[in-house]
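**Q** Handing you this structure, nothing more for now.
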Amino acid sequence: MARHAVLAGVGGYLPKLIVTNDDLARSLDTSDEWIRERTGIRQRHIAGADETAAMMATEAARAALRRAGAGPDEVDAIILATSTPDQAFPATATRVQAALGVARGFAFDLSAACSGFIYALAVADGMIRAGQASGVLVIGAEVYSRILDWQDRTTCVLFGDGAGAVFLHAAEGPATPDAPGVVSTHLHADGRHGDILYIDGAVGQRERPGTLAMNGAAVFRHAVVNLAAAVEEALAANRLDRSAVDWLVPHQANRRIIDAMGKKLGLAPERVVVTIDRHANTSAASIPLALAEAVGDGRIRPGHLVLMEALGGGLTWGSALVRM
Ligand code: ACO
């Protein structure tokens with residue numbers, strides 16, 4: 001019997017501390033005007049000492065389970081996308097598993113930078129279809145504030161912290177564009193461009209854990225080209241016209257990239273979920289956080305067709321099409 005994955009609940013967590021552009025401009029040679037005009041960002045949430053990737057992921061997961069009306073006993077897998085785990089190991093996903101009181105199944109972290117949530121969703125979807133799991137928490141959780149060089153104005157103004165989660169469960173029958181569920185996912189990577197966006201170090205390196213380095217203009221060019229192709233790919237694979245898409249929930253890296261993708265789909269601006277103004281770029285957390293906001297305030301409703309897309313370090317990129 002064919003199976004597919006249904007998105008039953010979504011939740012998010014944002015750190016309590018809000019840092020505005022003006023706050024940053026007090027200690028950095030930048031301005032609210034520059035940041036807003038180039039990126040669309042007005043503020044970001046920054047994690048406090050107790051707000052780790054595991055803690056935020058746990059809160060987001062709890063919210064997703066609540067919305068799904070599901071208990072921890074229905075979770076048999078946790079896939080957590082992050083570039084900023086609490087520890088190299090154990091996986092932050094296992095910390096979340098313990099905090100939720102889940103004592104069965106399996107849990108692991110996944111590294112695909114800003115594409116992490118799309119990658120994790122694709123893996124979860126595949127495992128549900130294959131019968132390896134039936135209730136999967138897919139989480140993106142990031143504390144980029146701890147891997148930023150706060151003296152580098154070309155990168156530190158762009159990012160924020162947070163976590164978002166969805167709970168997927170198995171349903172009978174094949175995935176189709178008309179039935180609720182994950183319709184399709186498409187993943188890509190091109191390691192030849194690994195040096196335009198990377199962490200300059202790792203826990204495995206003796207000298208330093210590393211900070212984020214980026215060639216912003218190069219990333220921007222790749223994002224516009226690859227994400228446009230990813231959108232086309234998702235529609236063509238499902239023989240859908242772009243008018244079938246109700247909502248675009250894009251990774252939130254730059255307002256100009258988001259607007260370009262909305263135009264490509266011919267979507268009215270109010271059909272594109274934007275959080276970058278308040279959250280900045282929360283990497284793997286940005287899509288589930290945006291989804292949680294738009295589902296929570298009633299914009300995205302059951303039956304709507306949602307297209308998600310992201311590009312990040314790797315380079316990695318991809319899309320997910322979900323009927324709510
Ligand atoms: N405040 C003031 N001035 C600044 C700042 C700042 N925060 N940052 C850079 N500048 C200056 C630069 O020094 C430069 O000055 P110069 O002309 O005197 O040399 C000028 O502003 C223009 O800089 P550019 O880098 O050319 O600005 P650009 O318009 O390309 O915007 C940006 C930069 C916002 C980073 C853009 O390239 C972008 O959004 N790129 C994509 C980023 C992205 O998608 N990242 C994904 C990360 S995902 C992940 O996987 C982690």
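**Q** Hey, Ala253 hits all of (1) within 11 Å of the ligand (Cβ to nearest atom); (2) touching a Lys or Arg at 6+ places or on another chain (Cβ under 9 Å) but one; which does it fall short on?
**A** Only one criterion is unmet by Ala253, namely (2).
**Q** Identify the residue in region 5-44 that is of a type in the set (Ser, Thr, Tyr) and out of contact with any Lys or Arg (no Cβ under 9 Å at 6 or more places or on another chain) and, among all such residues, is surrounded by the most Cβ atoms within 10 Å (Cβ to Cβ).
**A** Ser31
**Q** Just to be sure, is His169 in contact (Cβ under 8 Å) with a residue 40 or more places away in the chain, more than 30 Å from Glu33 (Cβ to Cβ) and within 16 Å of the ligand (Cβ to nearest atom)?
**A** Working: in contact (Cβ under 8 Å) with a residue 40 or more places away in the chain: yes; more than 30 Å from Glu33 (Cβ to Cβ): yes; within 16 Å of the ligand (Cβ to nearest atom): no.
No.
**Q** Which is modelled with pLDDT of 95 or more, more than 16 Å from Thr211 (Cα to Cα) and open to solvent by 30 Å² or more (accessible area, probe 1.4 Å), of Gly162, Gly101, Gly140, Gly135?
**A** On the way: Gly162 fails: open to solvent by 30 Å² or more (accessible area, probe 1.4 Å); Gly140 fails: open to solvent by 30 Å² or more (accessible area, probe 1.4 Å); Gly135 fails: open to solvent by 30 Å² or more (accessible area, probe 1.4 Å).
Gly101 is the lone residue from the list that is modelled with pLDDT of 95 or more, more than 16 Å from Thr211 (Cα to Cα) and open to solvent by 30 Å² or more (accessible area, probe 1.4 Å).
**Q** What are the residues in region 143-159 that are polar (S, T, N, Q) and open to solvent by less than 10 Å² (accessible area, probe 1.4 Å), if any? Quick ask: steps written out before the conclusion?
**A** Filtering region 143-159 down to residues polar (S, T, N, Q) leaves 145, 151, 154-155.
Thr155, the sole residue that qualifies.
**Q** Still on this structure: Considering only region 104-119, state which residues are open to solvent by 20 Å² or more (accessible area, probe 1.4 Å), within 16 Å of the ligand (Cβ to nearest atom) and of a type in the set (Phe, Trp, Tyr).
**A** Once the filter is applied, which keeps residues that are open to solvent by 20 Å² or more (accessible area, probe 1.4 Å), within 16 Å of the ligand (Cβ to nearest atom) and of a type in the set (Phe, Trp, Tyr), region 104-119 yields only Tyr119.
**Q** Sticking with this one: Here's a check for you: in region 266-317, which residue that is on the phi > 0 side of the Ramachandran plot and within 16 Å of the ligand (Cβ to nearest atom) is surrounded by the fewest Cβ atoms within 10 Å (Cβ to Cβ)? Step through it out loud before you land on a result.
**A** Narrowing region 266-317 to residues on the phi > 0 side of the Ramachandran plot: 266, 280, 283, 298, 303, 314.
Add one more test, that the residue is within 16 Å of the ligand (Cβ to nearest atom), and what stays is 280, 283, 314.
Working: Ala280: 29, Ser283: 34, Gly314: 21.
My answer is Gly314.
**Q** I would also like to ask the following. Among Ser83, Ser115, which is more than 29 Å from Gly303 (Cα to Cα) and in contact with a Gly (Cβ under 9 Å, 6 or more places away or on another chain)?
**A** Of the residues listed, the single one that is more than 29 Å from Gly303 (Cα to Cα) and in contact with a Gly (Cβ under 9 Å, 6 or more places away or on another chain) is Ser83.
**Q** Let me confirm something: among Asp200, Asp246, which residue is in contact with a strand residue (DSSP E or B) (Cβ under 7 Å, 6 or more places away or on another chain), more than 30 Å from Val102 (Cβ to Cβ) and away from the ligand (no atom under 16 Å from the Cβ)?
**A** Values: Asp200 fails: away from the ligand (no atom under 16 Å from the Cβ).
Step by step, each of Asp200, Asp246 is checked, and only Asp246 is in contact with a strand residue (DSSP E or B) (Cβ under 7 Å, 6 or more places away or on another chain), more than 30 Å from Val102 (Cβ to Cβ) and away from the ligand (no atom under 16 Å from the Cβ).
**Q** Right, another one. In region 23-48, which residues are closer than 23 Å to Ala81 by Cβ and more than 11 Å from the ligand (Cβ to nearest atom)?
**A** Matches in region 23-48: Arg44, His45, Ile46, Ala47, Gly48.
**Q** Which one of the conditions (1) of a type in the set (Val, Ile, Thr); (2) out of contact with any strand residue (DSSP E or B) (no Cβ under 9 Å at 6 or more places or on another chain); (3) within 25 Å of Leu307 (Cα to Cα) does Ile41 fail to meet, given that it meets all the rest?
**A** All conditions pass for Ile41, except number (2).
**Q** Which condition number in (1) touching a helix residue (DSSP H, G or I) at 6+ places or on another chain (Cβ under 9 Å); (2) more than 9 Å from the ligand (Cβ to nearest atom); (3) closer than 29 Å to Trp150 by Cβ is the one that Met214 fails?
**A** Only one criterion in (1) touching a helix residue (DSSP H, G or I) at 6+ places or on another chain (Cβ under 9 Å); (2) more than 9 Å from the ligand (Cβ to nearest atom); (3) closer than 29 Å to Trp150 by Cβ is unmet by Met214, namely (2).
**Q** Right, here's the next one. Please indicate, with yes or no, whether at least one residue in region 167-189 is open to solvent by less than 60 Å² (accessible area, probe 1.4 Å), closer than 22 Å to Ala93 by Cα and in a loop (DSSP other than H, G, I, E, B).
**A** Looking through region 167-189, none of the residues is open to solvent by less than 60 Å² (accessible area, probe 1.4 Å), closer than 22 Å to Ala93 by Cα and in a loop (DSSP other than H, G, I, E, B).
**Q** Okay, next question. Which one of Ala268, Ala244, Ala260 is out of contact with any Phe, Trp or Tyr (no Cβ under 6 Å at 6 or more places or on another chain), at pLDDT 95 or above and over 30 Å from Thr58 (Cα atoms)?
**A** On the way: Ala268 fails: at pLDDT 95 or above; Ala260 fails: at pLDDT 95 or above.
Exactly one residue qualifies, and that residue is Ala244.
The values are calculated or read from the model by the stated rules, or taken from the named source; none is laboratory data. It should be emphasised that the depicted structure is a prediction, and the values quoted were computed from it without experimental measurement. So basically every Cβ, Gly included, is an ideal-geometry build from the backbone, and we count neighbours across all protein chains shown. What goes into the accessible areas is simple: the full protein's heavy atoms, side chains included, and nothing from ligands, DNA or RNA. Shrake-Rupley method; radii C 1.70, N 1.55, O 1.52, S 1.80 Å.
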